[in-house]
């Protein structure tokens, strides 16, 4: 199968890595994958293109493929895309974001090619005329969660029978419990007996850090050696993080690592005993939650977005209402019952391998392609 993937962005944010990982996994299964993304912006680092090359998937950069709709650039991209389709035959076009979806509609229709869209919105696409128009000529919709599929089937005139739920994936080889990485606990000056929780999230008001800090203060009162690591940064970090921690007297128990990537990021996850995830961010599929599970870290999740479909309560972590009291209750229980936490750690890794592997995701997408192409005749 020859599949053209379009990704209208050059920034390494939100769905960028999940889309690229899927393309690489499909290529490893033997599919002929072309990955086209934005040209980039000036001299800034074009990380999407760079990582694509590093992972053996040289990107096509002929099109603007801007994140946001631009009439002139989109018109040029449609013309370029028609030329690409004429020069090299494809079996289908697979879109990942709204603008590449919009650009592909006309050329796909003219070429008689099926158009497949992956959504990264954990609760479904935003209602409105734009998505209604995009879905009108879409052949198949790949959804990240059952909640998203149910929402979109109700919000748009798009049949549920032409949707497939394929959970987001994580590279379970890059994220695994036995990684040989730097000792971040020593770097952070943590005592050996500390129970370490961690959260991966931008420091913005809507991420509900106030509930986490209030709940964690209750944990520290019962277990003074407990620690919390905040992995992330944000323009509101003073207001959202630094000031509340000082006011709650938690300076010695909370570590702000800032933004981390690569080996430093994986080392930080390895240093944790458990993760916390409160609110989905720009990636509605909550990739960091799956990365934590793959590292064998139980996740304490608030029942928001699609988190309850990622974390299995009592097996790979816990799901609660996200209030300070509920968070404190679970964290104190885990601090008091190390055997229970150990069992959840094993369950987290097992669930990641069973449900969220890249190969499993790619195999599910191949089944979509096979069905779509069989219907095309």
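The values are calculated or read from the model by the stated rules, or taken from the named source; none is laboratory data. Please read these numbers as outputs of a predicted model, since none were measured by experiment. So basically every Cβ, Gly included, is an ideal-geometry build from the backbone, and we count neighbours across all protein chains shown.
For the range 56-73, a residue qualifies if it is under 15 Å from residue 26 (Cα atoms) and surrounded by fewer than 17 Cβ atoms within 10 Å (Cβ to Cβ), and the qualifying residues are 56, 58. Cβ separations smaller than 7 Å between residues 6+ apart or across chains give the following pairs from the range 259-270 residues that are crowded, with 16+ Cβ neighbours inside 10 Å to residues that are assigned to a helix (DSSP H, G or I): 260/268; 267/184; 268/184; 269/291; 269/292. Counting only residues that are part of a helix (DSSP H, G or I) and either under 14 Å from residue 229 (Cα atoms) or not assigned by TED's automatic domain parsing to the domain that holds residue 232 (or both), the range 186-206 holds 2 of them.
Checked against the criteria, residue 352 does not count as under 20 Å from residue 119 (Cβ atoms), buried (at least 24 other Cβ atoms within 10 Å of the Cβ) and in contact with a strand residue (DSSP E or B) (Cβ under 8 Å, 6 or more places away or on another chain).
A quick yes/no check of all residues on (1) over 20 Å from residue 123 (Cβ atoms); (2) in a loop (DSSP other than H, G, I, E, B):
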position: 213; (1), (2): yes, no
position: 230; (1), (2): yes, no
position: 251; (1), (2): yes, yes
position: 256; (1), (2): yes, no
position: 267; (1), (2): yes, no
position: 296; (1), (2): yes, yes
position: 301; (1), (2): no, no
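The set of residues in the range 9-32 being within 14 Å of residue 363 (Cα to Cα) and not in a loop (DSSP other than H, G, I, E, B) consists of 21, 22, 23, 24, 25, 26, 27, 28.
Set side by side, the residues 148, 126 differ, and just one is surrounded by fewer than 20 Cβ atoms within 10 Å (Cβ to Cβ) and within 24 Å of the chain's Cα centre (by Cα), which is 126. If the condition is being assigned to a loop (DSSP other than H, G, I, E, B) and either farther than 17 Å from residue 103 by Cα or free of Cβ contacts under 8 Å to residues at least 24 places away in the same chain (or both), then the range 120-156 contributes 120, 121, 122, 123, 124, 125, 126, 127, 128, 144, 145, 156. Filtering the range 173-183 to residues that are modelled with pLDDT under 95 and either in a helix (DSSP H, G or I) or within 21 Å of residue 283 (Cα to Cα) (or both) leaves only 174.
Does the range 295-310 contain any residue that is crowded, with 23+ Cβ neighbours inside 10 Å, out of contact with any strand residue (DSSP E or B) (no Cβ under 8 Å at 6 or more places or on another chain), more than 20 Å from residue 182 (Cα to Cα) and modelled with pLDDT under 95? Yes: the range 295-310 contains one or more residues that are crowded, with 23+ Cβ neighbours inside 10 Å, out of contact with any strand residue (DSSP E or B) (no Cβ under 8 Å at 6 or more places or on another chain), more than 20 Å from residue 182 (Cα to Cα) and modelled with pLDDT under 95.
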